[in-house]
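Q: Take this structure, written in structure tokens, and hold onto it; I'll ask about it next.
None of the figures in this text is laboratory data; all of them are computed from the coordinates on show. In this text the structure is predicted, and so the values were computed from the model without any measurement.
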Amino acid sequence: MAAFAISFGTGCRYCQAHTAHTLEKMVDLPAAKIAALLQYEHSPHYSPRERAVIALALAAAEVPNAAEPRHFAALREHFSDRQIVQIVSILSLFGFLNRWNDTMATTLEAAPLDFAAVIARGGMGNRPPDQREICRPDNGGASVTALEICEFPDSGKLNAITRTGADYFR
């Protein structure tokens, strides 16, 4: 969950798709829980322990970093210092991967791409329809959604867009 939360916070669509897919398919986390990430503070899907991790992840994803002593105080209610270091290590690793994959415009593989397509078409249901639109080559690639999938009418192929602008359409 920490890797998904920081990837969501940084906006890395590649890592969001991979971590959300992993949470649902390999960790067997319910899709409703994944969908409720932005409501973590009040969602019944999350325990206080998970809320502390997600709060730090989202704060650490901000630029500049918004992690504060209160985040670590909340973590200390549930985790040892060693576990906190491990959590921060995961967040740091995914912070690197988020920047790497966005910068390199890494192509998303089939399984997470299919999962991301479900999310982008409203499968996570936590955003209004206008923020889940499917982009098209004729819109210049403008992207503001957390996960955006572009369908190319000529080929019928779906591609994850990790950067904005027409230069990154593949």
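Q: What percentage of all Cα-Cα pairs in the range 1-105 are separated by more than 15 Å?
A: So the pairs more than 15 Å apart make up 61 percent of the total in the range 1-105.
Q: When the convex hull of the Cα atoms of the range 1-54 is projected onto a plane and the area is averaged over all directions, what value comes out in nm²?
A: Average of the hull's projected areas for the range 1-54 equals 3.3 nm².
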